[in-house]
Amino acid sequence: MIEIKGVSKRYDRHLYALKGVNATLKERVTTVIGRNGAGKTTLVRILSTQLFPTSGTAEIEGLDILKDTKKVREVISSIPQESQLIGILSPLEQMQLYLMARGFSSSQAKRESEYALDELEMYEFRNAPSDTLSGGMKRKVFVAMALAAKSPVIFLDEPTTGLDPLSRIEVWSAIKRLSSKIILTTHYMEEAQELSNEVLVIDQGNIITHGTVKSLLSTFDGKMRAEKLEGTEFDIKIANVSIKYIDANEVDEFVRKGYDIKRINLDDIFLSKGVMLES
Amino acid sequence: MNPKFVLYFAWYYGFYVIKRGPSYLLASLSLPLALLFMVTIFTHGTLIAFAIAGGPIAIVAANSINGAADAAFFRIQIRIQDLYVATSLTSQDYMFALSMSYLVFSLPGIVLYAILGAYFKVFTLSSALPIIGILILLTLAISNLSFIIAGLLKHIRNVWGITAILSIIMTVLPPTFYPFYYLPRGVIYILSVSPVTPAAVLFQGVLFPKAVGMYSSVQLPMFVILIAETLVLIFLGRRFIRWRE
């Protein structure tokens, strides 16, 4: 379990990345959703002991991130969003270094690295200099590091950004096989829905909604999304797209008015909450 | 301390960089070899021994100061440092691993100069131990200086210019390629702001005891200065590395 207790982060006098965030993350996979600059990465960096909070703290498996940093680092592994491989070293070498930094023996690090690379269809590239790999392959190496580390808690900051659809499915499949607690951030609602049991929506440093996927979607029970360019009826307007949440019995009427009808998904939680906050 | 990580990192990032990118190695050797050539020509060969003795110091100092670019690149650009922060690794492990990788990267240059030194009878077997000790201290001091520089920079672009300037200042101005006793004593102490100066003075004391002779009284103060500077820079390096921001 992860308990976030009033975590704030201020980067300069006026720029608050997080504003007193409180949450208890109980489910095995939690996705943190938010737009660019919402505070997702700051939250993950604080929880994974890379960044000090300005105030507040958090507990991971009962260990305080400020007081028990060393022990916290033994139970977590974190794959930062912007990390890139050292171009001149191979994936295998960098995975071995990462695992040895975590306390693995050299032979164990090699064995686990090869196994994880194989899991992600990257085995044949294990000895290639990393700067010869595609962007997606490089990202998969980082995911392989998290797989190989086998930590009880794993933080994955946008693990599938830049991956092609096939690679994304491979990564999803690998994540699903893990038994660790996973906190992942993503822009892809489809990914959150596919992988997580629990969703935390962040906007402008605040949690705007938090719950299981099922409970969050239940607020839209019986609803459909109607979308139209320059539509006159709307609950939300994003650029020139009008979005209206309608009852199932209104579908025919809105189709006649030229609206596209879509099923409700996590996009709608993010869109409605996020946009409402801004307006 | 995680010696396994330090050793593997030093080997991978020291040796494999040479193997896969030999141009970096040639670039790091070009300045000391050019200076060796110049000193030999302009002194009609009289100071060739000093220019050879200064080679390993210049190589180690230049490679270590260029480490600022690596440290800044790893922290700001490719964010590899972030990856290691959330592990059992300490900032000291990480910094020591990077420092040792610069020493490994410097090894071919040191070997080249060892061969030249043996040929010109500059280096002897008995001088090997103190020379290695001085080079390790110099690596630690300068690489920690490079971590301080890297920690102060917000943009990676600035690091290239700063390290290029520092590399020249630190390797050419101190008595690396010429006898330290050509300088007034006061100037030696002023120049010892850079750890390269005490390292060069100590090197010359070990290799040319007869030539140094009456100037040997600066050896002990220079030894103390080098140790003190190394310790202070290690302490400050830890503060500036921005391990957990």
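Summary of computed values
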read-out: Largest to smallest principal axis extent of the C-alpha atoms in the protein assembly as shown, angstrom; value: 102, 49, 45
read-out: Whole-number percent relative contact order across chain B, with pairs defined as alpha carbons under 8 Å at least 6 apart; value: 28 percent
read-out: Spatial separation of Cα centroids for the range B:105-134 and the range A:32-104, in angstrom; value: 43 Å
read-out: Pairs of Lys in the range A:217-278 closer than 14 Å at Cα, counting only those 8 or more apart or on different chains; value: 10
read-out: DSSP-defined antiparallel bridges as percent of all bridges, the protein assembly as shown, nearest 5; value: 65 percent
read-out: Using a Förster distance of 41 Å, the FRET efficiency for A:Thr219-A:Lys70 (Cβ separation, nearest 0.05); value: 0.50
read-out: Residue-averaged [θ]222 nm for chain A, counting only DSSP H segments that reach four residues, each worth -39500 (n - 2.57); value: -10500 deg cm²/dmol
read-out: Point-charge dipole on Cβ atoms (K/R +1, D/E -1) for chain B, about Cα centre, debye to 20; value: 260 debye
read-out: For the range A:43-200, alpha-carbon Rg and Dmax in angstrom; value: 15.4, 46
read-out: Cα pair distances of the range B:3-240 binned at 10 Å [whole percent]; value: 8, 33, 36, 17, 5, 0
read-out: Approximate shape of chain A as ellipsoid semi-axes (Cα gyration tensor, √5λ), whole Å, largest first; value: 36, 24, 16
read-out: Mean Kyte hydropathy of -1.0 or more with a Cα span along the axis of at least 15 Å, helices from DSSP in chain B; value: B:22-42, B:48-65, B:91-119, B:128-152, B:156-172, B:196-207, B:219-240
read-out: Cα long-axis angle, helix A:266-278 against chain A (0 to 90 degrees, to the nearest 10); value: 70 degrees
read-out: P(r) histogram, all alpha-carbon pairs of the range B:157-245 included - 10 Å bins from 0, percent; value: 16, 42, 28, 12, 3, 0
read-out: Rg over Rh [alpha-carbon atoms, Kirkwood Rh] for the range A:137-279; value: 1.04
read-out: Volume per residue of the C-alpha convex hull in the range A:217-278, rounded to whole Å³; value: 70 Å³
read-out: Cα long-axis angle, helix A:106-119 against chain A (0 to 90 degrees, to the nearest 10); value: 30 degrees
read-out: Between the range A:206-228 and the range B:137-164, the Cα center-to-center distance that results, in Å; value: 50 Å
read-out: Label point at B:Ile156 placed 7 Å out along Cα→Cβ; residues across the range A:31-66 whose backbone nitrogen lies under 12 Å; value: none
read-out: Assigned charges on the beta-carbon of Lys, Arg, Asp, Glu; the protein assembly as shown dipole about Cα centre (debye); value: 1540 debye
read-out: A:Ser106 paired with B:Gln77, simple spin-label distance in nm, labels 7 Å along Cα-to-beta-carbon; value: 2.9 nm
read-out: Residues with amide H under 5 Å from that of A:Asp235, placed H, sequence gap 5 or more; value: A:Ile243, A:Lys244, A:Tyr245
read-out: Ellipsoid equivalent to the range A:4-112 - semi-axes via the Cα gyration tensor, in Å; value: 29, 17, 13
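Computed from the coordinates by the stated procedures, all read-outs in this text should not be read as laboratory data. Computed from a predicted model, the values in this text were never measured in an experiment. Methodologically, a virtual Cβ is constructed for each residue, glycine included, from the backbone with ideal geometry; neighbour enumeration extends over all protein chains shown.
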